[in-house]
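Input: a single structure, listed below in structure tokens.
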Amino acid sequence: MEKVQVCFYPESRCIEVDKGENLLRAAMKADVHINASCGGEGYCGKCRVIVEKGEVKQKLQVKLTEEEARQGYVLACTCTVESDVEVRVPIETQLGDRSALTRRPPIPLKGYTLSAKEWAERLPQWELNPPTTKFHLLLDKPTLEDNLSDAERIKRELSKLAGLKEVVIDYPMLQALPGLIRASSFDVTVTVLDRGQELRAVRIEKGDTSVRQAAIAVDLGTTTVSTQLVDLQTGQVIAEASDYNGQISYGEDVISRIIYSTRATGLAKLQSAAVSTIWNLIQQMVEQTNMEFCSITHLVISGNTTMAHLLLGIDPRYIRVDPYIPVAQYFPWIKASNVGIRIASGVYMRCTPAVASYVGGDIVSGVLASGMFNSERMTLYIDIGTNGEMVLGNKDWLLSCSCSAGPAFEGAGVRHGMRATRGAIEQVRINEVTLEPMIITVGNRRPVGICGSGLIDVLAELFLTGIMDERGKINVDLPTPRVRKTDSGGEYVLAWAEESGTNRDVVITDVDIDNLMRAKAAIYAGINILLQEMAIDIDAVEEILIAGAFGRYLEIDKAIIIGLLPDVDTNKLKFVGNGSLLGSYLMVLSKNLIAEADRIANMMTYLELSTNPRFMDQYVSALFFPHTNIESFPTVARRLAEARETAKAGGPAPGGEGA
Amino acid sequence: MAFELPKETTDSKIREVTLGTGGVKVGGENVLPFYTFEGIMPNRPLIAVEVYDDNPVEAWSPVVVEPIKDVIADPVAWARRAAEEWGADLIALRLKSTDPKGDDKPAEEAAQTAKAVADAVSIPVIVYGAEDMDKDGDVLKAVAIAAEGKNVIIGPAMEDDYKTIGAAALGYKQSLVAKTPIDVNLAKQLNILLSNLGVDVGTIIMDPTTGALGYGLEYTYSVMERLKLAALRQDDSMTQMPLVADVGTESWKAKEAKAPASDEPQWGDENKRGVVWEILTATTLLVAGADIVMMRHPEAIKTVRKVIDTLMS
């Protein structure tokens, strides 16, 4: 991608971006404040800037007069950068933002995402060798001399062609066998599944279908389900889709789902809700591509222990009660149709093995994908989902724990929370002096809600600007209409009704912040307990891998400011994205890794936090921004001091009700 | 060579807080409670004698009412009696009359009572509101204004009203008590919030919430002990405030303290029972680390004073 340079004046701040980058995003990256409240749809007309030099491409702008256009005014959000440009941000657009000069550039997690090359190094076991293989067989026609049965004939050919011994033929395939092989003149394709302990021929098709083969990788989350359609020939993801788990209407967390499952038809309802969610996503993905349903040969599904039980229709009730026992840790390959996922005949699925009741296959899958089980280095893997799970260790040992964080960072339990889909606010800056926001949404649409990365941004910005105090309470006495008091506490308006995509104000409330604070506190407390248990200082951890579905722009320094992540050298932090989905994807393609997953599930030790007397203390200690012990967050303390200085220099300090 | 007791010493110490204007100080110790063989306790723990402004004659056990029945309706006379006859170190005036669930007296009226009490005695005065989140702010602000220059200790500032009470203390140069529900972290958090508000941490006293004997005393003990350990062993500056224990009110809430002998004959002499309950609660919390104990019954006060004398000698 060609790079171009964008310089913003009067700050004289320059940044290199890809040619074609949106100008407002470039400003966000350069940490130059431009008022923007419609998410980048060109609707609010607030982000006026003057292009003094260079070329930008702009969409039709009805918000500018001809006179303004002649002067070089553009709306930053509707422009893409086409060459090196110099942009002047007029005073009314930055609202006297003197603070911009002192602010540090943000550290986007995007740049810290593991690359394909890194995976190759981390996962030497990986090879393109999926658990199902299609064999195109040209069978010898039977004669009086060569009078083997149809089934034995297929086995003989598989042995001759691929050296496969002892293949078991699936019963439904036997039924199809006599008619099908004769109708296709003994020219057939047989799909063989390697189940680890046995080879099983699971499907027979006419002619040669071996060139088209696909599989499905699934992350079955409590709140969100994400899927990928993978081409087994190339190893590429050819389609992706995600949605909220249909089980949400029966309860937000695993505990309420388990309780629901004990009702009369509860388990069946939950199973069917999960199945329909997965099935709809598969349909969406197939529709997006030219892949056919019958090309799909298997699925790998990684979910927490409860999700796996519910999907398989296994009674999960004992997971919830002391001593917290799941029915199974390892799940066999089964026909997908057995649970109601009817893609084609002979499609098998496997749930990734779990470690314990509250550390499931999603974590095993993530640990697999992260390669930490191969690493010499002391590694901390953190999965931020409805449950926060952490794994500490390396190739020699792995210790895991789980804490209930709630679905807040996935957008549930937050008034205007949403997934990272169109119109979701994903990046936010708030000016320390004017307290006006700058927001960018997914797809540059008018804002309809806030996704995970946006929520982390909002909290960090509200905190740095002093709009929100350490307890997460919004100071409603500040001189801006953006903050106001309601019956349920304070709130801050990110976008006014007329700028939003819903015709309602998009706000973040005290109650939202409280839920987010609980989530971050649980996760941080879990991390601390894990480290304490092994008597390891956070500074001794060489690499911290973050997994979770936040959207694209999670900024790690923001996550540290709110105390979600420990205050460590940011170079140690890497983002693996949705680890559970990534692991599923890798396992779909490589049976070696399926075997590794079993090994990981077996080697991981589980630490039960519900009986840990220190957890509550750690949790309450973390129910504060960034933390009760500010000494553990030295860089945050510095940034706070700077932000307070800036606010003081730029205008009246946003103090409380001074005397 | 003679045996020498090993000493655990520290450079950390509890902040010394000046109360009132007569040179009374609390805190300042660099050792765990009464470990005077390891360091110093420059100020002995203080007894603050409770005075109520709502004539609690009906509500209280006759055992407590008896020694004060002639002054119970007059907070000024009551405070004088405590200061002159019982040797109170402080007065803990509780403006219960302002309680919206009770008499709901206006803030100004209560503030005048507070001023009258502060004027009548030479010892420092703690002024507690009715512990009502909505009303305390107004009441204590009025008190802070009325008693300007007296350095009274207003409180308790809690999570939901710390801003108004903190601002009142800050604006009119009074000290304050920060109260949190039996948790080390919450206590520390409130201190951070108050200091962010601009309140001088050297004017804050912590009330970690008191559970009386039989009613959670062990929790309070543990929290006080942990606060002291954090302050002295970990040099945690946000826990280095002196502690106050609300002994009188909590002890006399206990059924075992106030039940008449006619109801519970097997519990023993009702004239001693409540007093002993208060003494045990107070001495336990002194050993846990209380720098101030707020007390009620003159006999209990007398005994606890003796305990402090002995431990300090």
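Could you give the length gained by full extension between A:S276 and A:S488, i.e. 0.36 nm per residue of separation minus their alpha carbon distance, to one decimal place? Don't skip to the answer; put the middle values down first.
Working: separation 212, 0.36 × 212 = 76.32 nm, distance 3.63 nm.
Going from the current span to full extension adds 72.7 nm.
Over the protein assembly as shown, what is the percentage of antiparallel beta bridges among all DSSP beta bridges, to the nearest 5? Can you show the working numbers first?
Values: 79 of 143 bridges.
Antiparallel: roughly 55 percent of the beta bridges in the protein assembly as shown.
For A:D84 and A:N571, a Förster radius of 25 Å and the Cβ-Cβ distance give a FRET efficiency of 0.25, rounded to the nearest 0.05. Spin-label model, B:Q266 to A:T262: label points 7 Å out along the Cα-to-beta-carbon direction sit 3.9 nm apart.
Rounded to the nearest 20 debye, the dipole size of the range B:16-312 about its Cα centre is 600 debye, using +1 on the Cβ of Lys and Arg and -1 on the Cβ of Asp and Glu. Sorting A:H416, A:H309 by the number of Cβ atoms found within 10 Å of their own Cβ, with the fewest placed first, yields A:H416, A:H309. Each part gets one Cα centre, and for the range A:494-563 versus the range B:202-273 those centres are 38 Å apart.
Neighbouring Cβ atoms from other chains, within 10 Å of the Cβ of residues in A:206-213, number 0 on average. Put a dot 7 Å past the Cα of A:K141, heading toward its Cβ, do the same for A:Q175, and the two dots end up 2.9 nm apart.
Taking 4.7 Å between C-beta atoms as the pairing limit, chain A has these partnerless cysteines: A:C47, A:C77, A:C79, A:C294, A:C351, A:C401, A:C403, A:C451.
Amide H contacts of A:A214: A:L232, A:I296, A:T297, each under 5 Å away and 5 or more positions distant or on a separate chain (H built 1.01 Å from N in the peptide plane; Pro and chain starts excluded). For A:K206 and A:A649, the difference between the fully extended length at 0.36 nm per residue and the C-alpha to C-alpha distance is 151.7 nm.
Remark: the range B:67-176 carries a charge dipole of roughly 280 debye about the Cα centre, counting +1 on each Lys and Arg Cβ and -1 on each Asp and Glu Cβ. Look at the dipole of the range A:214-351 built from charges on Cβ: of A:L312, A:A241, A:V347, the Cα furthest out on the positive end belongs to A:L312. Please find, in a Gaussian network model of chain B (springs between Cα atoms separated by less than 10 Å), the residue of B:D269, B:D246, B:D235 whose mean-square fluctuation is greatest. Comparing B:D269, B:D246, B:D235 in a Gaussian network model of chain B, the most mobile one is B:D269. Loop-located trypsin sites (Lys or Arg not before Pro) in the range B:47-149 (DSSP state not H, G, I, E or B) with no more than 12 neighbouring Cβ atoms inside 10 Å: B:K69, B:K101. A simple spin-label model places the labels of A:T289 and A:A595 2.7 nm from each other, with each point 7 Å out along Cα-to-Cβ. Taking all Cα pairs closer than 8 Å and separated by 6 or more residues, the relative contact order of chain B comes to 19 percent.
Starting from the range B:16-83, pick out the chymotrypsin sites (Phe, Trp or Tyr not before Pro) whose DSSP state is loop and whose Cβ has at most 14 other Cβ atoms within 10 Å.
Working: sites: B:F34, B:Y35, B:F37, B:Y52, B:W60, B:W78; in loops: B:F34, B:Y35, B:F37, B:W60.
Those that pass, being in a loop and sparsely packed, are B:F37.
Computed from the C-beta positions of B:A77 and B:S222 and an R0 of 35 Å, the FRET efficiency is 0.35 to the nearest 0.05. Under the combined filter of DSSP loop state and at most 16 neighbouring Cβ atoms within 10 Å, the range A:485-571 retains these trypsin sites (Lys or Arg not before Pro): A:R504, A:R552. Expressed to the nearest 5 percent, the antiparallel share of DSSP beta bridges inside the range A:214-351 is 60 percent. Once the C-beta distance of B:D235 and A:A162 is scaled by a Förster radius of 60 Å, the resulting FRET efficiency is 0.30 to the nearest 0.05. Taking amide hydrogens as placed 1.01 Å from N in the peptide plane, the amide H of A:L199 sits under 5 Å from those of A:V168, each at least 5 positions away in sequence or on another chain.
For the protein assembly as shown, with the dipole built from +1 on Lys and Arg beta-carbon atoms and -1 on Asp and Glu ones, taken about the Cα centre, which of A:A26, A:T224, A:M285 lies farthest toward the positive end? In the protein assembly as shown, that residue is A:M285. Less than 5 angstrom separates the built amide H of A:G303 from those of A:L220, A:T352, A:G361, A:D362, all sequence-distant by 5 or more or on a different chain.
I need A:D539, A:D187 ordered by Cβ neighbour count within 10 Å, fewest first. Present the calculation step by step, with values, prior to reporting the outcome.
Working: A:D539 10, A:D187 13.
If I rank by nearby Cβ atoms, fewest first, I get A:D539, A:D187.
Take each residue in B:227-238, count the other chain C-beta atoms within 10 Å of its C-beta, and the mean is 1. On full extension, the segment bounded by A:E376 and A:I325 gains 15.1 nm, given 0.36 nm per residue less the C-alpha separation.
Magnitude of the Cβ-charge dipole of the protein assembly as shown, K/R +1 and D/E -1, about the Cα centre, nearest 20 debye?
Roughly 2120 debye for the protein assembly as shown.
Which is farthest toward the positive dipole end of the protein assembly as shown among B:M238, B:A114, B:A146, measuring Cα position about the Cα centre, with Cβ charges +1 (Lys, Arg) and -1 (Asp, Glu)? Looking along the dipole axis, the top candidate is B:M238. Scanning chain A for GluC sites (Glu not before Pro) in DSSP loops with at most 10 neighbouring Cβ atoms within 10 Å leaves A:377-659 as the longest stretch between them.
For A:L310, A:L478, which order do you get if you count the other beta carbons within 10 Å of each Cβ and list the fewest first? Mind showing how you got there, number by number?
Details: A:L310 33, A:L478 20.
By the 10 Å Cβ count, ascending: A:L478, A:L310.
How crowded by other chains is A:430-440, given as the mean number of beta carbons from other chains within 10 Å of each beta carbon? Please list the in-between numbers first.
On the way: counts 0, 0, 0, 0, 0, 0, 0, 0, 0, 0, 0.
Rounded to a whole number, the mean comes out at 0.
Throughout, read-outs are computed from the coordinates displayed, never taken from laboratory work. The structure presented is a predicted model; accordingly, all values stated were derived computationally and were not measured. A quick note on method: Cβ atoms are made from the backbone with ideal geometry, for glycine too, and the neighbour counts reach across all protein chains shown.
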